[in-house]
Amino acid sequence: MPLSDIIKNMQKRLGRFSLIALFFSVFIGISTIIRGVLVVKSRSLLPIGVISLLSIFGVGFFYDLVTAVYFSIPIVLYLVLMPERWFSSRFHRPVLCLLAFVTLYLLVFNAFAEYIFFDEFGTRFNFIAVDYLVYTTEVIRNIRESYPLAELLAAIALIAAIIFLLIRKALFTSYNSAKSFKQRLTTGIVFLILPVLSLCFVDQSFSRISSNPYANELASNGIYNFFAALKNNKLDYYAFYRTLPDTEALQWLKHELGEETNAQFLSEDARDIRRHITNPGPEKKLNVVVIMVES
């Protein structure tokens with residue numbers, strides 16, 4: 001049987017739920033393309049070899065699928081609850097087209113955002129991206145100053161429109177098979193079990209496929225990482241800031257503090273920086289408040 005006939009039969013059996021399969025295909029397709037672009041961009045920083053690439057794209061596909069499962073929840077609920085007479089009406093078609101285009105626009109927008117973020121920080125979305133959404137005024141101003149925002153948004157709209165034209169026939173296929181509420185509910189429950197399983201058994205640890213941080217980042221999904229960072233509310237300090245071994249840092253600190261002529265350490269312990277400060281002048285009792293703010 002030709003592949004086209006197999007696809008048509010599957011769409012007919014799924015009915016309106018063929019929209020879920022279409023969403024998965026588009027989501028994973030766009031995610032795979034952005035991963036490929038980032039792999040090419042980072043090729044000099046990645047471990048060389050077929051096994052490494054297969055791991056990046058294989059595990060990456062898994063995370064793309066898990067992320068698509070989460071984002072399919074509102075679509076599943078929509079397909080289950082929408083009455084058949086409304087779903088198959090001619091008034092619903094433009095609404096469906098609008099929802100499809102908005103979804104495509106957001107997915108393409110995210111792809112552009114992931115590329116820009118990776119170019120800046122060398123990682124997928126993390127808690128820095130979460131902070132960006134908190135301080136939107138400063139971030140939007142910086143983006144407008146750094147990038148041709150109008151041209152980028154227009155390009156995103158054009159790409160979304162092209163993808164929409166490519167999938168419109170598959171989009172309208174969902175009208176061809178009516179299902180009762182009981183049938184829709186049964187199918188919907190099957191789809192809704194998937195995000196529950198993902199929540200219980202999947203976390204970011206699966207993306208740690210290598211000692212190379214770039215390979216680990218590319219094996220994950222940016223949207224998945226964003227919501228994981230939002231949930232965990234933390235950033236790996238040692239991954240993003242230069243550090244020294246504690247012993248070396250304390251030795252350096254004690255040496256710097258030891259330069260003070262009016263200070264005498266109370267202990268020979270390298271970790272103890274308590275000092276006795278002597279001042280030959282009269283004591284001055286000042287009300288001084290020191291405020292330190294990280295830039």
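The values are calculated or read from the model by the stated rules, or taken from the named source; none is laboratory data. Source: prediction; values computed, not measured. Using ideal geometry, Cβ is built from the backbone for each residue, glycine included, and neighbour counts are taken over all protein chains shown. Surface accessibility is based on the protein's heavy atoms, side chains included, excluding ligands, DNA and RNA. Shrake-Rupley method; radii C 1.70, N 1.55, O 1.52, S 1.80 Å.
Which residue out of 253, 244, 218 is touching a residue at least 12 places away in the same chain (Cβ under 8 Å) and open to solvent by 30 Å² or more (accessible area, probe 1.4 Å)?
Among 253, 244, 218, only 253 is touching a residue at least 12 places away in the same chain (Cβ under 8 Å) and open to solvent by 30 Å² or more (accessible area, probe 1.4 Å).
Could you grab me the full set of residues in segment 83-97 that are open to solvent by less than 30 Å² (accessible area, probe 1.4 Å) and without any contact (Cβ under 8 Å) to a residue 40 or more places away in the chain?
92
Identify all residues within segment 268-281 that are over 16 Å from residue 247 (Cα atoms) and within 49 Å of the chain's Cα centre (by Cα); write none if there are none.
274, 275
For segment 269-295, name all the residues that are modelled with pLDDT under 80 and under 28 Å from residue 127 (Cβ atoms).
The answer is 294, 295.
Quick check: is even one residue across segment 245-268 under 30 Å from residue 123 (Cα atoms), at pLDDT 80 or above, not aliphatic (A, V, I, L, M) and not in a helix (DSSP H, G or I)?
Within segment 245-268 (the criterion being under 30 Å from residue 123 (Cα atoms), at pLDDT 80 or above, not aliphatic (A, V, I, L, M) and not in a helix (DSSP H, G or I)), the answer is yes, since at least one residue qualifies.
Looking at 173, 123, 103, which is the one that is open to solvent by less than 90 Å² (accessible area, probe 1.4 Å), part of a loop (DSSP other than H, G, I, E, B) and either of a type outside the set (A, V, I, L, M, F, W, C) or closer than 22 Å to residue 38 by Cβ (or both)?
It is 123.
Hey, does segment 222-231 have a residue that's open to solvent by less than 80 Å² (accessible area, probe 1.4 Å), in a helix (DSSP H, G or I), basic (Lys, Arg) and farther than 13 Å from residue 124 by Cα?
no
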